[in-house]
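Worksheet for the structure shown next.
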Amino acid sequence: MKTFSVEFYKRLILGLLALLILIPTVCAVVFGIQNSSLRRQLAAGGTPVPSGPGSSKAPLDMEAAPIDYQLLYPELYGAGEIATERLYEENTVYLTFNSTPGENTGSILNVLDDYGVKATFFLSGTADSVSLDRMKEIVDRGHSIGLNSSSDSYQQIYGSVADYLADFKAIYDLVYETTGVQAGIFRYPGGSINAYNSGFYQELNAEMLRRNFVFFDWDVSGEDTLMGGASAEWIENSVVTGMEGKDRGIVLLRDTVGKESVAEALPGIISRLQEQGFGFKALTADVIPVVYSYKGAP
């Protein structure tokens, strides 16, 4: 049997090491040349053409196809681009009313006028003549308009992103046709994260922002949904207590049947908070919103 010297094995090992270094280096150089060519094509505005097996296929599509619901309602966009810098005004309270207009809208508007306060009304899709006249009155008295919903059914509204867009378009069109306002702000029924949209709320939020609509949750509530009805005193104390320790607040109140106590609570809410140094303003798309995280949702 032939034997090999120690020197032979040393040379063999060195040769193998050289190959291990050389092969990856050559591959890197070849790949770099191809990659450089690709970058030059892209920089020149061209579309890279694949080579090798399968080169007869169509050129590589560098843009992802739109999601189906993104193609719905191509005219449904906010009137302006979302501001890159938002307003955060200290010592400010934003009174907001959901499920409006309703039977108490007139009383609420009268109190707001008495105190020189502007508020925000997130409108729902009641299309009777009385409700439409109330919508116009809200605008005529100088308050801010937002959108809430067209349907009362959360199952219908939150069936999917497409279902939500259908409901949103219905209330958007109704408000625009009635008041001439192209609303750029809205509030999700039940808040931006709720039991009905928890599986796709991130996708939904992204789509609404893509369409230049700004949504507002709330960080203070009048707690006016108590069984049997909440008293004016209860609602007033809930709001004033909720503002403790805050330098601004977005307050949720409701303008629905059986909520007469909301209008009755407003004078106490406004006067007590004014005494604490707060002013009142209506929301606009330029205001930094309250937005729930998953753990912070009501």
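The values are calculated or read from the model by the stated rules, or taken from the named source; none is laboratory data. Bear in mind that the values here come from a model prediction, so they are computed numbers and not experimental data. Cβ coordinates were reconstructed from backbone atoms using ideal geometry, including for glycine residues, and neighbour counts include every protein chain displayed. With ligands, DNA and RNA removed, areas are computed over all heavy atoms of the protein, side chains included. Shrake-Rupley method; radii C 1.70, N 1.55, O 1.52, S 1.80 Å.
Descriptive notes on the structure:
- Selection within region 220-261 - of a type in the set (A, V, I, L, M) and under 18 Å from Lys281 (Cα atoms): Val220, Val239, Val240, Met243, Ile250, Val251, Leu252, Leu253
- Selection status of Glu137, among the acidic types (Asp, Glu), more than 19 Å from Asn98 (Cα to Cα) and either open to solvent by 20 Å² or more (accessible area, probe 1.4 Å) or touching a residue at least 12 places away in the same chain (Cβ under 8 Å) (or both): no
- Consider region 192-209 and keep the residues that are within 21 Å of Tyr77 (Cα to Cα) and of a type in the set (Gly, Ala, Ser). The one that is most open to solvent (accessible area, probe 1.4 Å) is Ala206.
- Subset of region 125-176 [under 30 Å from Pro66 (Cβ atoms) and outside any helix (DSSP H, G or I)]: Gly125, Ile145, Gly146, Leu147, Asn148, Ser149, Ser150, Ser151, Ser153, Tyr158, Gly159, Ser160
- Breaking point among (1) within 23 Å of the chain's Cα centre (by Cα); (2) of a type outside the set (Lys, Arg); (3) farther than 24 Å from Asp152 by Cβ, for Ala183: (3)
- Pick from region 226-265, criterion in contact with a strand residue (DSSP E or B) (Cβ under 7 Å, 6 or more places away or on another chain) and assigned to a loop (DSSP other than H, G, I, E, B), ranking: surrounded by the fewest Cβ atoms within 10 Å (Cβ to Cβ): Thr256
- Residue under evaluation Leu283, criteria (1) in a helix (DSSP H, G or I); (2) open to solvent by less than 40 Å² (accessible area, probe 1.4 Å); (3) over 23 Å from Ile157 (Cα atoms), criterion not met: (1)
- Condition check for Phe216 on (1) crowded, with 21+ Cβ neighbours inside 10 Å; (2) over 14 Å from the mean Cα position of the chain (by Cα); (3) not small (Gly, Ala, Ser): one failure, at (2).
- The condition (being modelled with pLDDT of 95 or more and surrounded by fewer than 10 Cβ atoms within 10 Å (Cβ to Cβ)) is satisfied by just one residue among Glu75, Glu63, Glu89: Glu75.
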